[in-house]
Amino acid sequence: MLLKNFKFLYNLVIITKKLPKNFKNIKLNLDIGDEFMKNVKLHKLYLKLLKELYENSRETYEKLGKTCGVSSVTCYNWTQVMKKEGIIKRFTIDIDYKKLGYNVEVLIEIKAKRSLSQKIAKKISTLPNVTHVWDVTGETDIIIRGFFRNTEELSSFLYNTLQKFPEIERMTTHVVLESYENPSPLFLQ
């Protein structure tokens, strides 16, 4: 992990050296395992490119280049480096489940028997209606996010889940009334 991060930093330095000197740099903190490096300079173009891809990951490299003020080849190359280094995991879509008829969004907290939460979480992540499963710390061991067409479908899911997993000690279900998302990507805050 540490070696991979140093290779990434090395690649950033090499790319940054090839750019015109009039580009400004932005300071970021990067966690690299056991050590913490402060004030690593990431090029402003990386952040601008990430912002544009965050807003529309299907944008052409030509349009990205015009928006970022560089060539399409530069945008392509920098995107490939970010993919290789794991900064960009994948390009995907954002689905509005309510428009597909899944009108009930829920968060379900699960308390599991000791040391079985990862095993249960992996199994639950494959169940229908489940979009996310988190193995967490605290009084709750697992949090599930799911979408259901109606409360009857939710009720059926809850009873089937309890029957399939005797390791579950307790479940608390929260129906989401409204959802709010920060419009600014975390890496630009």
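The values are calculated or read from the model by the stated rules, or taken from the named source; none is laboratory data. Because the structure is a prediction, the values reported are computed rather than measured. Cβ: placed from backbone, ideal geometry, glycine included. Neighbour counts: every protein chain shown.
Yes/no matrix, rows are residues, columns are (1) of a type in the set (A, V, I, L, M, F, W, C); (2) surrounded by 14 or more Cβ atoms within 10 Å (Cβ to Cβ); (3) touching a Phe, Trp or Tyr at 6+ places or on another chain (Cβ under 8 Å):
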{"residue": "Asn56", "(1), (2), (3)": "no, no, no"}
{"residue": "Leu64", "(1), (2), (3)": "yes, yes, no"}
{"residue": "Cys68", "(1), (2), (3)": "yes, yes, no"}
{"residue": "Arg90", "(1), (2), (3)": "no, no, no"}
{"residue": "Val106", "(1), (2), (3)": "yes, yes, yes"}
Between Thr140, Thr131, which is assigned to a loop (DSSP other than H, G, I, E, B), surrounded by 11 or more Cβ atoms within 10 Å (Cβ to Cβ) and in contact with a Lys or Arg (Cβ under 8 Å, 6 or more places away or on another chain)?
Thr140
Hey, among the residues in region 143-162 that are crowded, with 18+ Cβ neighbours inside 10 Å and assigned to a helix (DSSP H, G or I), which one's modelled with the lowest pLDDT?
Thr161
Name the residue that is modelled with the lowest pLDDT, counting only residues in region 163-183 that are polar (S, T, N, Q) and out of contact with any helix residue (DSSP H, G or I) (no Cβ under 8 Å at 6 or more places or on another chain).
Gln163
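Taking into account only those residues within region 79-116 that are among the aromatic types (Phe, Trp, Tyr) and within 23 Å of Glu153 (Cα to Cα), which is nearest to the chain's Cα centre (by Cα)?
Looking only at region 79-116, we keep the residues that are among the aromatic types (Phe, Trp, Tyr), and these are 91, 97, 102.
Now narrow it down to the ones that are within 23 Å of Glu153 (Cα to Cα): 97, 102.
Numbers: Tyr97: 18, Tyr102: 22 Å.
Out of the qualifying residues, it is Tyr97.
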Within region 71-80, which residues are in a helix (DSSP H, G or I) and surrounded by fewer than 17 Cβ atoms within 10 Å (Cβ to Cβ)?
Ser72, Val73, Tyr76, Asn77, Gln80
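What number of residues within region 19-70 satisfy the criterion of being in contact with a Ser or Thr (Cβ under 6 Å, 6 or more places away or on another chain) and either at pLDDT 85 or above or hydrophobic (A, V, I, L, M, F, W, C) (or both)? Talk me through it step by step, then tell me what you get.
Quick first cut of region 19-70, residues in contact with a Ser or Thr (Cβ under 6 Å, 6 or more places away or on another chain) only: 43, 52, 61-62, 65.
Then keep just the ones that are either at pLDDT 85 or above or hydrophobic (A, V, I, L, M, F, W, C) (or both); that gives 52, 61-62, 65.
Residues meeting the conditions: 4.
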